[in-house]
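A short worksheet on the structure shown next.
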Amino acid sequence: MRGTSETYIYRKGSSPNTRVAISQKNRVFSTPFTSQTPSLKQVGVLSTFDYSESRSVDPVRGVGFGDKIQELVPGVTEPMGLTLNRTLLYTAGIAQEVGYRAGVDGLVRSLRQHKWPFDIRSELVFSELVQALDASAMVVNQATGTDGQLALITFFEACWLESIGASFPSDSAIVAEDAAAKCTDVTDGSSFYGSSIDSYGDFLDSGNNPINQAGAGSRLYTSTGGNAVGF
């Protein structure tokens, strides 16, 4: 339950101006459960927010060609994983924060009662220093939608919680919640799937393309196949 007015626990403080990215400037948004019209709100009292993904890269070798890798072939990418560690509030648990009718809002108490996925939005807000001196060099400028500051936005779509737990230690007063989720897709939150180089799909310009940009990527993927000096 997030009240109609924000309490002191959601007040924001100041952050130092650096070019180094700091955790104080990473804002995580979800759509908490409400009986009114749902909207994105910043998740409070997060102690840890992690995301990671992986895929296998398999070597291809040939009999009779010695101990030599002919090519590395990327495998299927595993689902993006999220970790959200948070301090438990009496009226707001992590399940409520991502939209479930749990805790004081309803009867949901278990993963087996989660029937719909949720979205998470991460905004790495740039410092005033970076916005003032480096904004003109950025290819893509995106506003956070909350206070107009530039940010690097990552949208985690259709996520499902795969684990959730709480710890009530005898030697500490604070109760911590730990949750892990898997995501269906990851985007920048504003681009779409299509057939252009600026759309997600097979024609996406992902960089490192030596065919369209001489000197980019690996020289093994040029017309000389790395047999000549340079590209």
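What is the set of long-range amide H partners of ALA166 at a cut-off below 5 Å, with H atoms built 1.01 Å from backbone N?
ASP178
State to the nearest 20 debye the size of the charge dipole of the chain about its Cα centre, where the only charges are +1 on K and R beta carbons and -1 on D and E beta carbons.
Using only the charged Cβ atoms, the result is roughly 380 debye.
Please work out the Cα center distance from region 153-192 to region 35-65, rounded to the nearest Å.
So the separation of the two Cα centres works out to 11 Å.
Net charge near ARG86: determine it from the other residues with C-beta under 11 Å of the C-beta of ARG86, scoring Lys and Arg +1 and Asp and Glu -1.
-3
Please report, for the Cα atoms of the chain, the Rg to one decimal and the Dmax as a whole number; what are they, in angstrom?
22.5, 72
Which of ILE69, PRO169, GLY13 sits closest to the plus end of the dipole of the chain, meaning its Cα is farthest towards the positive end, when Lys and Arg get +1 and Asp and Glu get -1 on the C-beta?
In the chain, that residue is PRO169.
Scattering from the C-alpha atoms of region 49-130 alone, worked out with Debye: what is log10 I(q)/I(0) at q = 0.20, 0.21 1/Å?
After summing over all Cα pairs, the log10 values are -1.03, -1.07.
Which whole-Hz ³J(HN,Hα) couplings does region 42-48 yield from phi under the Karplus relation 6.51 cos²θ - 1.76 cosθ + 1.60, θ = phi - 60°, glycine and proline marked x?
6, 6, x, 6, 7, 8, 8
May I ask you to sort ARG121, ARG112 by Cβ crowding, counting other Cβ atoms within 10 Å and putting the fewest first?
ARG112, ARG121
Just want the ordering: PHE118, PHE156, PHE168, PHE49, from fewest to most Cβ atoms lying within 10 Å of their own Cβ.
PHE168, PHE49, PHE118, PHE156
For SER167, what is the net charge nearby, where nearby means another residue's Cβ is under 14 Å from its Cβ and Lys, Arg count +1, Asp, Glu -1?
Net of charged neighbours comes to -2.
Would you be so kind as to identify which of GLY103, VAL60, LEU84 lies farthest towards the positive end of the dipole of region 30-166, taking Lys and Arg as +1 and Asp and Glu as -1 on Cβ and the Cα centre as origin?
GLY103
Do you know the relative contact order of the chain, to the nearest whole percent, from alpha carbon pairs under 8 angstrom that are 6+ apart?
Relative CO of the chain lands at 17 percent.
Taking neighbour counts of Cβ atoms within 10 Å as a proxy for exposure, in what order, fewest first, do ASP134, ASP171, ASP178, ASP58 appear?
Exposure proxy ranking, most exposed first: ASP171, ASP58, ASP134, ASP178.
Laboratory data are not the source of any read-out in this text; all were calculated from the coordinates shown. Because the structure is a prediction, the values reported are computed rather than measured. Methodologically, a virtual Cβ is constructed for each residue, glycine included, from the backbone with ideal geometry; neighbour enumeration extends over all protein chains shown.
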